[in-house]
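Asks: Take this structure first; my questions come after.
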Amino acid sequence: MNITIDFLSPRDVIAIRQLAERIWPIAYRDLLSEDQIRYMIDQRYDPEVLLEQMAAGDLFLGARRERWCGYAHVYALGHGLFKLDKLYVDVDHQGQGMGRQLLERVFSEVILAGGIELTLRVNRLNLHAIKVYERNGFEITGTDKVAIGGGFFMDDYVMTCSLDEKKGSDA
């Protein structure tokens, strides 16, 4: 089945939230407590938060087959620097190239917006995601442990990808 990557809009915030509700408990079950997973979903996927991010000009992309199955969220940091804040694919659709296609579209859109570098944070214990990002040109450039409220922390690697090599490629 073909994968379609398209822009998400305010009418899609409930679908994004539903995907997070489905993906996060599985993706993070061995990395975070159930309480932290619930806290982070409630914090990051509140429809009002998503709508504010969209209104601020943040880029939301969705991957669909017969329904939305994955999503990405990117925003500008300034001076050609962008942050990939979210990239997730529904567990039923992982391993089928959807994440790669979403990431390639992110690269294309960021380059079109004048981006020269893309950064992200990834849980330091999420070895699978780290390997995927490394295969796609990201390098670990730092670590960051941040209190996010509720007594919880994010303990992440910071990964960075220069977009110079992506320009003119299929990405």
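The values are calculated or read from the model by the stated rules, or taken from the named source; none is laboratory data. Since the structure is predicted, the reported quantities are computational estimates derived from the model, not experimental observations. Note that each Cβ is placed from the backbone with ideal geometry, even for glycine, and that neighbours are counted across all protein chains shown.
Asks: Restricting the search to the range 51-71, which residues are surrounded by 15 or more Cβ atoms within 10 Å (Cβ to Cβ) and either without any contact (Cβ under 8 Å) to a residue 40 or more places away in the chain or assigned to a strand (DSSP E or B) (or both)?
Replies: Gln53, Asp58, Leu59, Phe60, Leu61, Gly62, Ala63, Arg64, Trp68, Cys69, Gly70, Tyr71
Asks: Another one. Among the residues of the range 72-82, how many are crowded, with 19+ Cβ neighbours inside 10 Å and of a type outside the set (A, V, I, L, M, F, W, C)? Walk me through how you get there before you give the answer.
Replies: Going through the range 72-82, the residues crowded, with 19+ Cβ neighbours inside 10 Å turn out to be 72-74, 82.
Cutting the leftovers down to of a type outside the set (A, V, I, L, M, F, W, C) gives us 73.
So the count comes out to 1.
Asks: Which ones in the range 116-153 are surrounded by 16 or more Cβ atoms within 10 Å (Cβ to Cβ) and either more than 20 Å from Ala27 (Cβ to Cβ) or among the aliphatic types (A, V, I, L, M) (or both)?
Replies: Once the filter is applied, which keeps residues that are surrounded by 16 or more Cβ atoms within 10 Å (Cβ to Cβ) and either more than 20 Å from Ala27 (Cβ to Cβ) or among the aliphatic types (A, V, I, L, M) (or both), the range 116-153 yields Glu117, Leu118, Thr119, Leu120, Val122, Ala129, Ile130, Val132, Gly137.
Asks: Would you point out the residue of the range 1-36, among those that are β-branched (Val, Ile, Thr), in contact (Cβ under 8 Å) with a residue 60 or more places away in the chain and out of contact with any Lys or Arg (no Cβ under 8 Å at 6 or more places or on another chain), that is surrounded by the most Cβ atoms within 10 Å (Cβ to Cβ)?
Replies: Per the stated criteria, the residue is Ile23.
Asks: May I ask you to verify whether Gly80 is closer than 25 Å to Leu125 by Cβ and small (Gly, Ala, Ser)?
Replies: Working: closer than 25 Å to Leu125 by Cβ: no; small (Gly, Ala, Ser): yes.
Against the criterion (closer than 25 Å to Leu125 by Cβ and small (Gly, Ala, Ser)), Gly80 does not qualify.
Asks: Another question about this same structure. Only residues that are within 22 Å of Ile23 (Cβ to Cβ), assigned to a loop (DSSP other than H, G, I, E, B) and at pLDDT 95 or above: list them for the range 91-124, please.
Replies: Once the filter is applied, which keeps residues that are within 22 Å of Ile23 (Cβ to Cβ), assigned to a loop (DSSP other than H, G, I, E, B) and at pLDDT 95 or above, the range 91-124 yields only Arg124.
Asks: Quick check, is Val89 of a type in the set (A, V, I, L, M), in contact (Cβ under 8 Å) with a residue 40 or more places away in the chain and crowded, with 17+ Cβ neighbours inside 10 Å?
Replies: On the way: of a type in the set (A, V, I, L, M): yes; in contact (Cβ under 8 Å) with a residue 40 or more places away in the chain: yes; crowded, with 17+ Cβ neighbours inside 10 Å: yes.
Spelling it out, Val89 is indeed of a type in the set (A, V, I, L, M), in contact (Cβ under 8 Å) with a residue 40 or more places away in the chain and crowded, with 17+ Cβ neighbours inside 10 Å.
Asks: Please state which of the following conditions Asp164 fails to meet, knowing it meets all the rest: (1) within 28 Å of Ser9 (Cβ to Cβ); (2) of a type in the set (Asp, Glu); (3) in a loop (DSSP other than H, G, I, E, B).
Replies: (1)
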